[in-house]
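To keep things clear, I will list the structure first and then write my remarks on it.
The values are calculated or read from the model by the stated rules, or taken from the named source; none is laboratory data. Just so it is clear, the structure is predicted and the values come from calculations on it, not from any experiment. Glycine gets a Cβ as well: all are built from the backbone with ideal geometry, and neighbour counts include every protein chain shown. Accessible surface is based on the protein model in full, side chains and every heavy atom, while ligands, DNA and RNA are left aside. Shrake-Rupley method; radii C 1.70, N 1.55, O 1.52, S 1.80 Å.
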Amino acid sequence: MVPALDILRAASDATRLRVLMLLRAMELSVGELAQVLDQSQPRVSRHVKILCDAGLAVRRKEGSWVFVALGVPTLVDPLLAALDAWLPADDTATVADREQLAAVRADRTAAAAAWFEAHAGEWDAIRSLHVAEEQVEAAMVAALGTEPIGLLVDIGTGTGRMLELFGPHATQAIGIDRSSEMLRLARAKLTERGLDHAELRQADIYALPLNAAVADAAVLHHVLHFVQHPGAAIEEAARVLQPGGRLLICDFAPHAREELRQRDAHARLGFSDEQMLGWFADAGLAPVSTQTLGGGELTVKLWMARRTFDVREVKAA
């Protein structure tokens, strides 16, 4: 009876019920919840803490922001089903909250648009050096093929483009990035595209916040050239893949554009097939395909591999 009592106590407040209904629509920051509810952030934080303590919500810190999402489905779903049965469709508070939620979506979209406008020149400078991004994305879609995707993990998600591309075809999609600013941009874009179900988490590429062997597919799209230890990043990506799970890497072939180190913080000036296949072998991945996309000063490469064994278990043995 204790868990049931905790849940009922946590839900026995109108504001907390409103919070749950809002989180059902999309993950929100504490500040955004305060905006929708027209309450102070400290007050909203207290309500969120009560919901989290009961397992009805979870908090994720991203820089100075705290985002909130629904908690354990086995606890939340029965409560939401009850609310659906009890609340009329035209409930005044629910309708008002939905209208305020639309304002939050608009704010996210406006913030993202302003950032992209300010940085468009930087992005265009790099894109002008290689084949059109549309061709790269088409090749990535062809590489993953028509196999169903359960859990998709986009490592170094940045602005969330890979979640836009592959998320609609996955049962579950998670984007991971170290930058809280990038995650806010990704969240705005995904909200604009109606992909509120996609999860975003702040974490290091070498320590993904996922259990081993849970993902069907993982993507590293133009990420490895920023990484100091690509082999370790690939091994960590392999760790979260199920046996047979696929890792798709998109990056540059070796090049001599040294200015990219200083101007754009590239740690690596591309990768050879030999390097990539060596890292695959060290991570317990079997190569599936390699594709070269020329047509610019920088050559784009796609490498696909499948997980065959857990290299960490082998090393431990």
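Over region 139-298, what is the relative contact order in whole percent, taking alpha-carbon pairs under 8 Å and six or more residues apart?
Working: 278 pairs, mean separation 31.2, N = 160.
Dividing the mean separation by the residue count of region 139-298 yields 20 percent.
The mean sequence distance of close C-alpha pairs (under 8 Å, at least 6 residues apart), as a share of the length of region 170-250, puts its relative contact order at 30 percent. Note on R98 and E274: with the Förster distance fixed at 45 Å, the Cβ-Cβ geometry gives a FRET efficiency of about 0.25.
The largest accessible area among S180, S64 belongs to the first residue in S64, S180, and the rest follow in falling order (1.4 Å probe, all chains).
When the surface is traced with a 1.4 Å probe over the full set of protein chains, H197 keeps roughly 100 Å² accessible.
Dipole check for region 132-188: with +1 at the C-beta of Lys and Arg, -1 at the C-beta of Asp and Glu, and the Cα centre as origin, the magnitude is about 240 Debye. Taking the convex hull of the alpha carbon positions in the chain and averaging its projected area over all directions gives 18.6 nm².
Could you give the semi-axes, largest first, of the ellipsoid that matches region 139-216, computed as the square roots of 5 times the alpha carbon gyration tensor eigenvalues and rounded to whole Å? Don't skip to the answer; put the middle values down first.
Values: eigenvalues 69, 51, 23 Å².
One finds semi-axes of 19, 16, 11 Å for region 139-216.
Using only Cα atoms, tell me the angle between helix 73-86 and the longest principal axis of the chain; keep it within 0 to 90° and round to the nearest 10. Once rounded, the angle reads 40 degrees. Only DSSP H runs of four or more residues enter the estimate; each adds -39500 (n - 2.57), and after division by the residues of the chain the mean residue ellipticity at 222 nm equals -15500 deg cm²/dmol.
Tell me, what is the FRET efficiency for L83 and H169 to the nearest 0.05, using R0 = 41 angstrom and their Cβ-Cβ distance as r? Walk me through the intermediate numbers first.
On the way: r = 31 Å, r/R0 = 0.75.
The formula returns an efficiency of 0.85 here.
Per residue, the average separation of C-alpha pairs within less than 8 Å and at least 6 apart gives the chain a relative contact order of 13 percent. For a distance above 16 Å, tell me the whole-number percent of Cα pairs in region 221-313 that qualify. Value for region 221-313: 53 percent of Cα pairs lie more than 16 Å apart. Among rounded, prolate and oblate, which fits region 172-292 when a ≥ b ≥ c are the square roots of the eigenvalues of its C-alpha gyration tensor, a/c under 1.5 means rounded, and a/b larger than b/c means prolate? It is oblate, given that a/c is not under 1.5 and a/b is not larger than b/c. Using a probe of 1.4 angstrom and keeping all protein chains present, the accessible surface of the chain works out to 47 square angstrom per residue. The apolar share of the surface of region 1-67, taken as the fraction of accessible area on carbon and sulfur atoms (1.4 Å probe, ligands and nucleic acids excluded), comes to 58 percent. Only protein heavy atoms count here; under a 1.4 Å probe, R187 has an accessible surface of about 10 Å².
Where does the longest stretch of the chain lie that holds no chymotrypsin sites (Phe, Trp or Tyr not before Pro) found in a DSSP loop with 14 or fewer other Cβ atoms within 10 Å? Don't skip to the answer; put the middle values down first.
Details: sites that count: Y206, F309.
Answer - 1-205.
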